[in-house]
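Participant: Would you mind keeping the following structure in view while I ask a few things?
Any read-out appearing in this document is the output of simple, stated calculations on the displayed coordinates, not a laboratory observation. Just so we're clear, the structure is a prediction, and the values are computed from it rather than from any experiment. When we count neighbours, we look across all protein chains shown, and the Cβ atoms used for this are built from the backbone with ideal geometry, even at glycine.
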Amino acid sequence: MKTTLMIAIIVFSTAASDILIARGARRVKRLSVFKLSEIAVMARRILSNVSLLSGVLMAAVSFAAFLIVLSWADLSLVLPATSVNYAIATLGCKVILRERINRLRWTGTFFVCAGVALISLP
Amino acid sequence: MKTVTVLVLSVLFQTAGNLLVSRGMKQLAATSPWETTPWLSFSLQMAASPSVWLGTLLLIIFFILYAALLSWADLSFVLPASSFGYVLNVALAHYLLLEPVSMSRWFGTMLISIGVVLVSMTGTQSAELVKEEAVSQSGVPG
């Protein structure tokens, strides 16, 4: 039960982190990583972007929860279980970021989800 | 094309960064296990490890590239598409570190590859999806 709860926390904080970072990045507007002069401007924009920073915070939460659950649960259980994140995050993309996801993209995402789960098994 | 370039670069930086940090931490743990070493001395040793520094730098570059990518591409595209990093990890572990790779792991690698190909076929932005759907459903009032 404790393990299930921790896995749920990991999955949701990872998905939240991805969605917040994506929302933040979209607000920063088009970034050019190829121009050195724009990196300083970009760094300032990133540091003043609440969505992006909360995304990073959620990534830290997910990492902490991951380390804590590993103190009693097996990695071979935790790692495959967290691959559900792909489905949850894609659902978040649809509902929160209003991305249009067609059947092909869903199918691909489920293949990835199953593949990541299989790879993480011992 | 720009999306694919930045995506591949970000995954390469992430994989290299993870490998370096992992190598640095393992070297550190071999000389001073963190259970018995005081945390301050452990942190100082960590800060003195070139592998950890270089790995962290690569992970920072990964994050900048990832954020840049998400500023124009869909997360629902980037997330599954970047999972080819797992395939890369399995291949590197097998060919460079000579780790044995089980049957189920190769099968998982295959599933991820199929998934990445399928997701890539949908384009990188919802705008393109919308256009595609409009073309395929032309004649149907929306």
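Participant: Taking the Cβ of A:Phe110 as the centre, find all other residues whose Cβ is under 15 Å away and add up their charges (Lys, Arg: +1; Asp, Glu: -1). Walk me through the numbers before you get to the answer.
Facilitator: Working: positive: A:Lys94, A:Arg103, A:Arg105; negative: none.
Summing Lys/Arg as +1 and Asp/Glu as -1 gives +3.
Participant: Under a 10 Å cutoff between Cα atoms, tell me which one of A:Ala16, A:Ala73, A:Ala89 has the largest fluctuation in the Gaussian network model of chain A.
Facilitator: Greatest mean-square fluctuation among the candidates belongs to A:Ala73.
Participant: Could you work out the mean count of beta carbons from other protein chains within 10 Å of each residue's beta carbon in B:100-110?
Facilitator: Averaged over the peptide's residues, the number is 4.
Participant: Considering only C-alpha atoms, what is the centroid distance from the range B:75-96 to the range A:71-119, in Å?
Facilitator: The range B:75-96 and the range A:71-119 have Cα centres separated by 14 Å.
Participant: Relative to the longest principal axis of the C-alpha atoms of chain A, give the angle of the C-alpha long axis of helix A:50-69, reported between 0 and 90° and rounded to the nearest 10°.
Facilitator: Helix A:50-69 sits roughly 20 degrees off the main axis of chain A.
Participant: May I pose another question? Which part of the range B:65-84 falls in the paramagnetic zone of A:Glu38, meaning amide N under 11 Å from the point 7 Å along Cα-to-beta-carbon?
Facilitator: Within reach of a label on A:Glu38, which here means backbone N under 11 Å from a point 7 Å along Cα→Cβ, the range B:65-84 contributes B:68-69, B:72.
Participant: So, one more: Using only the alpha-carbon atoms, how far is helix A:85-95 inclined from the longest principal axis of chain A? Give it as 0 to 90 degrees, nearest 10.
Facilitator: Value to nearest ten degrees: 50.
Participant: Separate question: For chain A, I need the span (max minus min coordinate) of the C-alpha atoms along each principal axis, in Å, sorted largest to smallest.
Facilitator: That gives 47, 36, 25 Å along the principal axes, largest extent first.
Participant: Which one of A:Thr82, A:Thr107, A:Thr90 has the biggest mean-square fluctuation once chain A is modelled by GNM with Cα springs under 10 Å?
Facilitator: For chain A, modelled as a Gaussian network with Cα springs under 10 Å, the answer is A:Thr107.
Participant: Taking the convex hull of the alpha carbon atoms in chain B, what volume per residue do you get, in Å³?
Facilitator: Per residue, the Cα convex hull of chain B comes to 159 Å³.
Participant: Give me B:Tyr95, B:Tyr86 ranked fewest to most by other Cβ atoms within 10 Å of their Cβ, as a rough exposure proxy. Present the calculation step by step, with values, prior to reporting the outcome.
Facilitator: Working: B:Tyr95 10, B:Tyr86 23.
Ascending number of Cβ neighbours within 10 Å: B:Tyr95, B:Tyr86.
Participant: Next question, about the same structure. List, in order, the whole-Hz ³J(HN,Hα) value for each residue of the range B:38-49 obtained from phi through the Karplus relation with A = 6.51, B = -1.76, C = 1.60 and θ = phi - 60°; use x for Gly and Pro.
Facilitator: For the range B:38-49, the Karplus curve yields x, 5, 5, 5, 5, 5, 5, 5, 5, 5, 9, 8 Hz.
Participant: Running a GNM on chain B with Cα contacts under 10 Å, which residue among B:Leu58, B:Leu118, B:Leu40 ends up with the highest mean-square fluctuation?
Facilitator: The residue with the greatest mean-square fluctuation here is B:Leu40.
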